[in-house]
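First up is the structure itself, then whatever we jot down about it.
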Amino acid sequence: MSNIHQVNRRDFMKLFGLASTGIILGCTSTVEKKFQPEINKDFFAPNLFIHLEKNGNITLIASRSEMGQGIRTSLASAIADELEADWKYVAVKQATGDAKYGNQNTDGSRSVRTRLEPMRKMGAAAKMMLISAAAKKWNVVATDCKAENHFIINTVTKDKIFYGDLVEDASKIAIPDDATIQLKKVEDFKFIGKTLKSVDLNHFTHGTATYGIDVRIPNLKFAAIVRCPVTFGTLKSVDKTDAEKTAGVEKVIELDRIVPPVGQFFGALGGVAVIANNTWSAFQGKLNLNVEWDYGENHSFDTDNFKQVLTERLQETGKLVPGSRGNTISAFKKSEKIIEATYHVPFLVHAPMEVPNATAWFQGDKIEVWAPLQDPQTARAELAHFFEIPLEKITINVTFLGGGFGRKSKSDFVVEAVALSKEIESPVQVVWMREDDIKHSFYHATSAQYLKGGIDKKGNVTGWLQRVAVPSIVSSFKPMSDYASGLELNQGFTNNPYKLDNFRLENVKAESHLRIGWLRSVVHIHSGFGNNSFVDELANAAKINPVQFHLNLIGKDRVIKGKSNYPYDSKRMKDVLNNTAKMANWEKHYPKITELELLFIIVFILM
Amino acid sequence: MSKILSINGKSYTIDVQEDMPLLWAIRDIVGLTGTKFGCGVAQCGACSILIDGRLTKSCSMPVSYGIGKEIFTIEGTSENLEFLREAWNDGNVPQCGYCQSGQLIAATSLLDKVANPTDKDINDVMSDNICRCGTYTRIRKAIHKAVALKNKAI
Ligand code: FES
Ligand code: FES
């Protein structure tokens with residue numbers, strides 16, 4: 001089997017800690033039946049996501065991490081809509097990292113896509129129970145009752161009962177069977193699809209939202225870590241004298257690299273940690289360390305040189321990628337014009353506004369963590385693995401994230417904090433300096449690509465050859481992954497929207513010397529840039545208005561599937577292009593203003 | 001040696017070395033975490049505070065500078081800040097929210113000085129504050145809105 005296929009879909013999902021069907025189902029209302037509602041006088045909790053109190057207040061659980069995308073608001077609104085709740089009673093609480101909440105991996109731009117229906121069902125089931133409780137109370141059939149804005153209404157007598165007054169009775173109602181749950185019609189939505197203000201606005205405008213870096217617990221120490229400037233280099237020696245003398249510094253300790261097992265987890269880079277009684281002293285202590293490193297196998301890695309190497313490799317034929325079709329060689333022979341171009345993307349770092357940080361308290365037989373995490377379940381599993389503590393003894397409190405962009409999917413900073421807490425037997429907060437964030441990230445990979453295209457007399461594209469060299473994300477989980485995986489190429493390379501009879505895609509070797517991660521929109525960063533820039537070149541050569549050229553190349557209306565679960569529609573794509581051109585006043589400016597470049601990227605339709 | 005910092009009208013006695021940046025004294029010693037760390041080198045504005053009314057990057061000013069002066073942070077309240085908060089709410093400005101303490105403090109200092117700021121006035125003051133989420137257009141709108149709210153209230 002070729003390397004392109006070495007990671008099949010399942011493995012890939014596993015590697016990335018993405019949804020397995022089991023976990024998603026683990027959170028449908030059917031399985032939720034295992035959750036026994038407590039018969040309680042004070043609150044009604046029909047499932048893990050809803051908690052209704054006698055005063056009418058409803059707390060809804062957000063199972064995805066908030067990093068600016070508004071997910072706490074949108075998930076809560078999905079529950080509240082089906083529940084017919086009055087928004088003013090709604091509060092949102094963040095779930096701890098725990099499989100019982102379903103998959104919590106806030107990655108891949110699909111929280112709403114995958115969680116909308118389960119959340120709606122949670123709300124709908126609770127509404128049914130409230131209706132049943134009211135019907136029982138009135139001694140009428142449930143079909144004579146309806147829910148409206150925090151009340152159950154008897155449609156015959158017009159009597160009303162406030163949700164809060166149904167707490168006790170509703171707790172005694174059996175959870176409805178999944179098959180009987182009816183969801184609202186789209187036209188009846190009150191919150192879903194509407195513009196709602198963030199439920200967290202007041203916290204954001206008063207400085208009271210707790211991000212990871214704001215966590216304060218008793219006896220908290222602060223730590224900064226110096227890591228080897230070359231990825232995976234190791235410590236040779238350290239002179240701690242100056243660091244230890246720094247005001248506020250309490251301890252300097254060496255931290256071994258924590259190597260993840262093949263196929264999963266992130267581990268930690270290791271280095272030398274300075275523990276202090278405040279963040280700044282930890283930073284100062286770190287700067288005062290005198291460290292000698294053994295740079296290891298990546299010591300000669302140089303980004304300029306690597307760019308050169310990748311570019312040279314583009315001159316040779318790469319591995320043919322399935323999805324290639326027709327015959328580009330004969331197509332080029334018959335072409336009127338041949339255009340060639342080479343494109344580069346540099347390594348990119350996420351630089352979330354809030355630097356990576358984590359607070360951990362290792363307590364012998366249990367661990368508690370507070371951190372800005374996109375994927376708390378993987379962090380929990382990772383800690384269980386490295387520190388040999390059972391999963392249920394590990395609590396991951398998910399704070400607000402001051403930006404994530406994929407950086408906070410990787411839990412290396414949590415592993416560091418736990419390792420240090422274990423060592424110093426005290427709660428500790430690890431804070432990365434901004435310089436650390438830029439120097440030691442899980443970088444979005446660099447890439448080089450070569451494109452060759454032919455056009456005929458009428459300006460039609462006759463053939464398209466594309467060679468792509470991009471270090472694979474898989475390399476962070478599996479050594480020797482020296483080619484982009486099929487799933488990576490399927491983000492805009494194999495499944496570009498163009499109607500091309502002669503298309504040849506080649507995968508070119510690109511080994512990794514850094515920790516490669518993903519940055520929002522992932523491989524589309526490479527494919528979007530390369531494809532669209534090149535189409536622009538072709539349009540130019542054909543002397544055709546690029547908007548029209550793009551539309552021609554996309555071709556007739558159809559659904560483009562590739563290997564994706566989420567096919568896309570070329571008509572909608574063309575509509576976007578047409579409307580954008582209109583809004584940008586394209587026709588008026590073209591061709592005079594050449595800066596008005598046209599770039600059309602099908603952003604991030606993941607797998 | 002203990003020192004007294006006056007923050008949002010309240011006195012805090014703290015025991016730190018004088019060269020500790022105000023940011024960390026405020027966050028770690030006083031315990032007001034609304035003021036944020038973004039870069040530590042006066043480049044991002046996340047740590048913005050007012051010192052005797054002057055917009056200051058607290059990551060780059062030592063504690064000694066703040067002694068005997070009036071410090072104002074996002075935990076505080078002022079007429080202009082309240083109008084800005086209302087406008088921020090109206091426009092649903094924040095995304096992740098992390099930069100917004102600094103944005104609001106910078107905007108407060110702008111309105112403290114210029115009653116009816118133009119886009120250029122806004123650019124001049126606000127361009128020191130990075131928003132990684134890119135809420136800039138909403139911030140600009142909200143500042144204009146705050147002015148409108150205030151003018152209506154008067
Ligand atoms: S933290 Fe002070 S300007 Fe960035
Ligand atoms: S709102 Fe996220 S950095 Fe500004």
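Is at least one residue of segment B:111-123 assigned to a helix (DSSP H, G or I), within 14 Å of chain A (Cβ to nearest Cβ) and more than 16 Å from ligand 1 (Cβ to nearest atom)? Lay out the reasoning, then the answer.
Taking segment B:111-123 first, the residues assigned to a helix (DSSP H, G or I) are B:111-113, B:119-123.
Subsequent filtering for residues that are within 14 Å of chain A (Cβ to nearest Cβ) retains none.
For segment B:111-123, residues assigned to a helix (DSSP H, G or I), within 14 Å of chain A (Cβ to nearest Cβ) and more than 16 Å from ligand 1 (Cβ to nearest atom): absent.
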task = Would you mention how many residues in segment B:8-24 are touching a residue at least 40 places away in the same chain (Cβ under 8 Å), under 16 Å from the mean Cα position of the chain (by Cα) and more than 7 Å from every other protein chain (Cβ to nearest Cβ)?
result = 3
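Does segment A:377-408 hold any residues that are within 14 Å of another protein chain (Cβ to nearest Cβ), touching a helix residue (DSSP H, G or I) at 6+ places or on another chain (Cβ under 9 Å) and hydrophobic (A, V, I, L, M, F, W, C), and which are they? If you could, list the steps in order and put the result at the bottom.
Residues of segment A:377-408 that are within 14 Å of another protein chain (Cβ to nearest Cβ), as a first pass: A:398-408.
Going one step further and asking which of them are touching a helix residue (DSSP H, G or I) at 6+ places or on another chain (Cβ under 9 Å), we end up with A:398-402, A:407-408.
Passing the criteria: A:Val398, A:Phe400, A:Leu401.
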key: Per-region count, segment A:207-252, residues farther than 14 Å from A:Ser281 by Cα and open to solvent by less than 20 Å² (accessible area, probe 1.4 Å)   = 10
key: Which numbered condition A:Trp464 fails, given (1) in contact with a Lys or Arg (Cβ under 8 Å, 6 or more places away or on another chain); (2) outside any helix (DSSP H, G or I); (3) over 30 Å from A:Pro322 (Cβ atoms)   = (3)
ask   = Has segment A:433-446 got at least one residue that is touching a Ser or Thr at 6+ places or on another chain (Cβ under 8 Å) and within 14 Å of another protein chain (Cβ to nearest Cβ)?
value = no
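Being assigned to a helix (DSSP H, G or I), facing chain A (nearest Cβ under 8 Å) and within 16 Å of ligand 1 (Cβ to nearest atom) is the filter here; which residues of segment B:26-54 pass it?
Our first condition is that a residue be assigned to a helix (DSSP H, G or I); within segment B:26-54, this holds for B:26-30.
Still in the running and facing chain A (nearest Cβ under 8 Å): B:27-29.
The answer is B:Arg27, B:Asp28.
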Residue match in segment A:189-199 (condition: modelled with pLDDT of 95 or more, in contact with a strand residue (DSSP E or B) (Cβ under 8 Å, 6 or more places away or on another chain) and surrounded by 20 or more Cβ atoms within 10 Å (Cβ to Cβ)) = yes
Sole residue being within 30 Å of A:Glu336 (Cα to Cα) and at pLDDT 90 or above, chosen from A:Ile525, A:Ile554 = A:Ile554
remark   = Every listed condition ((1) outside the structural domain of B:Asn8 (by TED's automatic domain parsing); (2) closer than 23 Å to A:Ser198 by Cβ; (3) among the aliphatic types (A, V, I, L, M); (4) surrounded by 19 or more Cβ atoms within 10 Å (Cβ to Cβ)) holds for B:Leu149 save (4)
query = Restricting segment A:525-543 to residues that are of a type outside the set (S, T, N, Q) and open to solvent by less than 10 Å² (accessible area, probe 1.4 Å), which is farthest from A:Thr446 (Cα to Cα)?
reply = A:Ala539
message = Scan segment B:60-70 and tell me whether some residue there is in a loop (DSSP other than H, G, I, E, B), open to solvent by 60 Å² or more (accessible area, probe 1.4 Å), within 16 Å of ligand 2 (Cβ to nearest atom) and not assigned by TED's automatic domain parsing to the domain that holds B:Gly102.
response = no
query = Can you tell which of A:Leu577, A:Leu553 is more than 24 Å from A:Thr114 (Cα to Cα), part of a helix (DSSP H, G or I) and in contact (Cβ under 8 Å) with a residue 40 or more places away in the chain?
reply = A:Leu553
request  = Of all residues in segment A:501-520, count the ones that are surrounded by fewer than 20 Cβ atoms within 10 Å (Cβ to Cβ) and under 20 Å from A:Asp557 (Cα atoms).
outcome  = 1
query = Looking at B:Gly97, is it in the same structural domain as B:Thr135 (by TED's automatic domain parsing) and either within 16 Å of ligand 2 (Cβ to nearest atom) or open to solvent by less than 60 Å² (accessible area, probe 1.4 Å) (or both)?
reply = yes
task = Scan (1) within 7 Å of chain A (Cβ to nearest Cβ); (2) under 19 Å from B:Arg138 (Cα atoms) for the single condition B:Val93 breaks and write down its number.
result = (1)
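Quick check on B:Ser48: is it open to solvent by less than 40 Å² (accessible area, probe 1.4 Å) and more than 21 Å from A:Glu435 (Cα to Cα)?
On the way: open to solvent by less than 40 Å² (accessible area, probe 1.4 Å): yes; more than 21 Å from A:Glu435 (Cα to Cα): no.
No, not satisfied.
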inquiry  = Restricting to segment A:328-359, name every residue that is buried (at least 16 other Cβ atoms within 10 Å of the Cβ), hydroxyl-bearing (Ser, Thr, Tyr) and not in a strand (DSSP E or B).
reply    = A:Thr328, A:Ser335
key: Tabulated pairs, segment B:110-128, first touching a residue at least 12 places away in the same chain (Cβ under 8 Å), second assigned to a helix (DSSP H, G or I) and within 16 Å of ligand 1 (Cβ to nearest atom), C-beta under 6 angstrom, 6+ apart or interchain   = B:Leu110/B:Val125; B:Val125/B:Ala106; B:Met126/B:Ala106
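State whether the residues of segment B:110-119 include one that is open to solvent by less than 30 Å² (accessible area, probe 1.4 Å) and within 14 Å of ligand 2 (Cβ to nearest atom).
Residues of segment B:110-119 that are open to solvent by less than 30 Å² (accessible area, probe 1.4 Å), as a first pass: B:110-111, B:117.
Then keep just the ones that are within 14 Å of ligand 2 (Cβ to nearest atom); that gives none.
No: zero hits.
Based on this model, can you work out whether A:Ile367 counts as in contact with a Pro (Cβ under 6 Å, 6 or more places away or on another chain) and either on the phi < 0 side of the Ramachandran plot or within 16 Å of ligand 1 (Cβ to nearest atom) (or both)? Quick ask: steps written out before the conclusion?
Working: in contact with a Pro (Cβ under 6 Å, 6 or more places away or on another chain): no; either on the phi < 0 side of the Ramachandran plot or within 16 Å of ligand 1 (Cβ to nearest atom) (or both): yes.
Here the answer is no, as A:Ile367 does not meet what is asked.
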query = Name the pairs: first residue in segment A:475-496 and free of Cβ contacts under 8 Å to residues at least 60 places away in the same chain, second residue among the small types (Gly, Ala, Ser), Cβ to Cβ under 8 Å, at least 6 apart or on different chains?
reply = A:Ser475/A:Ser481; A:Ser475/A:Ser512; A:Glu488/A:Ser472; A:Asn496/A:Ser527
key: Criterion (more than 16 Å from ligand 1 (Cβ to nearest atom) and under 14 Å from the mean Cα position of the chain (by Cα)) met by exactly one of B:Thr135, B:Thr108   = B:Thr108
message = Against the definition (open to solvent by less than 50 Å² (accessible area, probe 1.4 Å), touching a residue at least 12 places away in the same chain (Cβ under 8 Å) and either in a loop (DSSP other than H, G, I, E, B) or more than 9 Å from every other protein chain (Cβ to nearest Cβ) (or both)), how does B:Ile143 come out, yes or no?
response = yes
Members of segment A:219-234 that are away from chain B (no Cβ under 12 Å) and of a type outside the set (Phe, Trp, Tyr) = A:Asn219, A:Ala223, A:Ile225, A:Val226, A:Arg227, A:Cys228, A:Pro229, A:Val230, A:Thr231, A:Gly233, A:Thr234
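If I ask for residues that are in a loop (DSSP other than H, G, I, E, B) and crowded, with 24+ Cβ neighbours inside 10 Å, which ones from segment A:480-492 would you list? Walk me through it before giving the result.
Of segment A:480-492, the ones in a loop (DSSP other than H, G, I, E, B) are A:480-485, A:490-492.
Passing the criteria: A:Tyr483, A:Ala484, A:Ser485, A:Gln491, A:Gly492.
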message = Cβ-Cβ under 7 Å, sequence separation 6+ or interchain: first residue in segment A:185-203 and more than 12 Å from chain B (Cβ to nearest Cβ), partner of a type in the set (Ser, Thr, Tyr). Which pairs?
response = A:Phe191/A:Ser77; A:Ile192/A:Ser77
inquiry  = Given (1) in a helix (DSSP H, G or I); (2) within 16 Å of ligand 1 (Cβ to nearest atom), identify the lone condition not met by B:Asp128.
reply    = (1)
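The values are calculated or read from the model by the stated rules, or taken from the named source; none is laboratory data. Keep in mind the model is a prediction, meaning the values are calculated, not measured. For neighbour counting, all protein chains shown are included, and Cβ atoms are generated from backbone atoms with ideal geometry for every residue, glycine included. Note: areas computed on protein heavy atoms with side chains; ligands, DNA, RNA excluded. Shrake-Rupley method; radii C 1.70, N 1.55, O 1.52, S 1.80 Å.
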